[in-house]
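Engineer: First the structure, then my questions, so here it is.
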Amino acid sequence: MSTSSSRSALEFDQLTKRFGEHVAVDAMTFSVPRGSIFGFLGPNGAGKTTTIGMALGLIPPSSGTARVLGFDIRTNPSEVLQNVGAMVERPAFYPYLSGRMNLQVFGAQAGMDDRSRIEEIIDLVGMSERANAKFGGYSTGMKQRIGIGAALLCDPELVILDEPTNGLDPAGQREIRELVRRLSETGHTVFVSSHILAEIQEVCSHVAIINRGKLVSTGPMSEILAGTDQLVIDVDRPEDARQTLLNIPDLEKVVVDERQRLIVDVSLDRAPEINQTLVQSGFAVSQLRHQEGQLEERFLALTGQATGSEQTNG
Amino acid sequence: MTPISRIFIGEIWKLLKRPMTWTLAIILVVLMVLIYGTLIGTILAPDGMGVDVEVDQSMGTSLEEALILPDGLYMGIGLVQLMVTALIIVLAAGMVGSDLSWGTIRTMLMMGAGRTPILIGKILALGVLGLAGLVIGMLLSIIGSLVTAVAVGEGIQFSSWATAGFVGEAGVLLFRSMIGIMVWAAIAATITLMSRSLAAGLGASLALLFLGGQIGGLLGQLGNIGVWMGRALPNAGVDALNQLNAAIPPSYAAGDWAWILANIIGWLVLLAIAAVVTFRRMDTLAAGS
C-alpha cells in the first residue's frame, strides 16, 4: 500500500480520549509536516503517550480522528503501520530471546525477512557486541536501542519515538540525536516525545506542547521560541540598573538573577538601545551578550509550571 | 505469505524457543513414564501384593488387558488427552498472558500485525503444539503398552495391532482429542485475554477442566432442567466427545449428537467473538503497563 500524498505525516482532529470521568486527551488538533523532526512535549501525565497510542491504533479514541500518512488509523491499521516504525513507553520484547532473535521474529511477523537489514539495524543502534545476549538481561539503555532498532527495521516513512533516550548515557543520547537527524535527512518524518527539553530544542524543527490533555502551542521551533531571546548584562549596581531599564517602553521583563546579572527578555536588535541607556545613566556595563531563547522557559511558561519570582515591566 | 501464516510461523517459533514449552514437554514425558512404570509395577508385584484390577467390571477387563495393545491404545489416549489438555491450558494462558504483561502484543501491533490475525495465528500455533503433544504422548503410551506386553511375558504380537485398522483408529482418536484441545486452548486464551490476567485464565480453565464434570453431574440431580444446564457448560460437549475414545464407547443418538455439536460449535463461536471484540477494544498500552 502506498501512502497518501497528504502533506502531513500525522493529523489529529479533535482527538479525544476519556477514561471514565477523566479526560486524558481533550480535542487534540494539530498536524505533523512530512519530513520534519517533530517534538512532542508535555509534563508527566499530560497525555503524550495516550495521544501516540491513539495514533498507532493501540488505544481506541473516544472521539475525533488520527490520520497517519493520510489514512485513518482505525480503518486500515495494518497497512498504515507497515509504513510506521514506533517505540512507545518501554521497549517490549521477549526476555527469553536474544536481541537479534527478537528483531528477527518481529521482523518476520511484519513481513520483513531480510537478514542483512537486521544486521544493519543492529550495527546502527550499536548493539553488535551484545545482540546474541538474552533481552531479559539487557540494561535499560540496551533495551532502548533494540526498541529503536525494531522501529527502524522496515525502513518506515514515519518514525515515532517515545522518550528514545531514556536510560542512555550522554554518548548514547548524542548517538540517538544524530540518528534522528540522519533519518530526517534521508526523508523520514520523526515524531519524538521527550521530557528532555534541550534535546528537543537541539534536534526538532517543529514542536507541539500539551498540558493536561490539551494542546497549548504548536508550530515551527523558531515560532515557538520567538520572543524568548534574552540579553544577559553584567553591570554595576544591577538593581538600580533594572529600575532604569523598566522606564524603557515595551520591555516585557527585566530580572536580576542570583548571580547579580540583569536578564532582559528582548530581541538582539534592541541591544544598542539598552546599552546606550545604561551607559548614559552612568552604569558601568562590563558585558552584554545575547542568549538564545530556551525551550525550557517557554515550556514552563506555557504549561504554567514556572516557579520563582519574576518581575515584569508594567 | 499471508499475515496469518506469518504470525502462525512466528508463534510456533517463539513457542519452540520458550523454556516453558520444553518444561511442559518434559513434564508430559515424566508423567507418562511414572504412570506406566507404576502400572507395570502393580501388575508385576509379587503374589499377595499385586492387584489384578478389574478395569471394567462389566466386561471383566483386567488392568493387564487394558494396558496391552490393541486395547492399550484407548487407555493411553485417555491419559494423554487429559495431560496434554492441562498442559495446553497452561501454554495458552501463558502465551496470551505473557504477551500482555511483557507488552510484546503492543510491539506486534505497532509492527503492523492485525489483531484478528494475531489471535488466529496464536490459536493455530497452540493447536499444532497440542497435536504434537498428543502424538508424542500416544507414541509414549504405545511404547508403554509394548513394554508391559514384554514384561508380563506376552511378547509383542504385531499381528494383533500393527494393522491399517489400528492406525486408522489411532487417527480417529487423535482427531477427537484435537477438537477438545482446541476448545480448551480457546477457553484458556479467551479468559486470559478478557481478564488480562494469566492467573485468572489458568485458574478458571483448570477448574473447569477438573471440576466441570462434577458440576454437570450435580446439576443433573436437579432433573431435566439440570441436565440441560449441565449440557450447556463449556466442557460438556468435549467431555461427551472424549467418551467416544474409550475401549467400549457409548452409543449416541441423533439428539445426543445435536447437543454435543451445538455445545462445541456454539462455545467456539462465542469464545471467538468474545476474544475478537475484547482484543479490538483493548487498550494495549494499559495492558502492557
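Engineer: Please list the radius of gyration and Dmax for the protein assembly as shown, considering alpha-carbon atoms only, with Å as the unit.
Structural biologist: In order Rg, Dmax, the Cα atoms of the protein assembly as shown give 33.9, 123 Å.
Engineer: Peptide B:2-11: average number of partner chain Cβ atoms within 10 Å per residue?
Structural biologist: Counting other chains' Cβ atoms within 10 Å and averaging over B:2-11 gives 3.
Engineer: Can you work out the PRE-style zone for A:Asp123? Point 7 Å along Cα to Cβ, and I want the residues of the stretch A:74-114 with backbone N under 19 Å.
Structural biologist: Once the point is set 7 Å along Cα→Cβ of A:Asp123, A:99-101, A:103-104, A:113-114 turn out to lie under 19 Å by backbone N, inside the stretch A:74-114.
Engineer: Could you list the residues of the stretch A:146-165 with an amide nitrogen less than 16 Å from a label point located 7 Å from the Cα of B:Met1 in the Cα-to-C-beta direction?
Structural biologist: A:154
Engineer: Suppose we flag trypsin sites (Lys or Arg not before Pro) only when DSSP calls them loop and at most 12 other Cβ atoms lie within 10 Å. Which is the longest uninterrupted stretch of chain A?
Structural biologist: Longest stretch, sites excluded: A:8-258.
Engineer: How many Lys pairs in the protein assembly as shown lie less than 18 angstrom apart by Cα atoms, where the lysines are 8 or more positions apart or on different chains?
Structural biologist: Summing the qualifying lysine pairs gives 8.
Engineer: Per residue and in cubic angstrom, what volume does the convex hull of the Cα atoms of the stretch B:166-289 have? Display every interim value, and only then the final one.
Structural biologist: Numbers: hull volume 16.2 nm³, N = 124.
Hull volume normalised by residue count: 131 Å³.
Engineer: Need one number: nm distance between label points at A:Arg174 and B:Arg281, each 7 Å from Cα along Cα→Cβ, rounded to one decimal.
Structural biologist: Rounded to a tenth, the inter-label distance reads 5.1 nm.
Engineer: Within a 10 angstrom radius of each residue's Cβ in A:87-93, how many Cβ atoms of other chains show up on average? Whole number is fine. Please list the in-between numbers first.
Structural biologist: Numbers: counts 2, 7, 5, 5, 2, 12, 4.
Mean partner-chain Cβ count within 10 Å for A:87-93: 5.
Engineer: Read phi for every residue in the stretch A:72-78 and hand back ³J(HN,Hα) as whole Hz from Karplus 6.51 cos²θ - 1.76 cosθ + 1.60, θ = phi - 60°, with x for Gly and Pro.
Structural biologist: Values per residue, Gly and Pro as x: 6, 4, 6, 8, 9, x, 4 Hz.
Engineer: Quick check: pseudo-label points 7 Å beyond the Cα along Cα→Cβ at B:Ala274 and B:Val33, how many nm apart are they?
Structural biologist: Reported label-point gap for B:Ala274 and B:Val33 is 3.8 nm.
Engineer: I want to check the label-to-label distance for B:Leu211 and A:Thr186. Put each point 7 Å from Cα in the C-beta direction and report it in nm to one decimal.
Structural biologist: 5.7
Engineer: Could you calculate the FRET efficiency of A:His195 with B:Leu139 from 1/(1 + (r/R0)^6), where r is the beta carbon distance between them and R0 is 51 Å, rounded to 0.05?
Structural biologist: My answer for the efficiency is 0.30.
Engineer: Among A:Ser193, A:Ser205, which comes first, then next, by fewest other beta-carbon atoms within 10 Å?
Structural biologist: With the fewest neighbours first, A:Ser193, A:Ser205 line up as A:Ser205, A:Ser193.
Engineer: For A:145-156, what's the mean count of beta carbons from other chains sitting within 10 Å of each residue's beta carbon? Before the final figure, lay out each step's value.
Structural biologist: Values: counts 0, 0, 1, 0, 0, 3, 3, 0, 1, 2, 0, 2.
Neighbouring Cβ atoms belonging to other protein chains average 1 per residue here.
Engineer: Using just the Cα positions, wrap the stretch B:250-289 in a convex hull and report its mean projected area in square nanometres, one decimal place.
Structural biologist: 3.9
Engineer: Hey, another quick one. Within 10 Å of each candidate Cβ there may be at most 14 other Cβ atoms; applying that plus a DSSP loop requirement, which GluC sites (Glu not before Pro) in the stretch A:214-285 survive?
Structural biologist: Those satisfying the criteria are A:Glu252, A:Glu258.
Engineer: Further, regarding this structure: To the nearest 0.05, what FRET efficiency results for B:Ile156 and B:Ala232 with a Förster distance of 45 Å applied to their C-beta separation?
Structural biologist: After rounding to 0.05, the efficiency reads 0.45.
Engineer: Name the chymotrypsin sites (Phe, Trp or Tyr not before Pro) in the stretch A:6-35 that are in a loop by DSSP and that have at most 16 other C-beta atoms within 10 Å, would you?
Structural biologist: Those that pass, being in a loop and sparsely packed, number zero.
Engineer: Let me ask something additional. Given the -39500 (n - 2.57) contribution per DSSP H run of 4+ residues, what per-residue ellipticity at 222 nm results for chain A, rounded to the nearest 500 deg cm²/dmol?
Structural biologist: Dividing the helical sum by the residues of chain A leaves -9000 deg cm²/dmol.
Computed from the coordinates by the stated procedures, all read-outs in this text should not be read as laboratory data. As the structure is a computational prediction, the values presented were derived from the model and not from experiment. In this analysis, Cβ positions are derived from the backbone assuming ideal geometry, glycine residues included, and neighbour counts consider all displayed protein chains.
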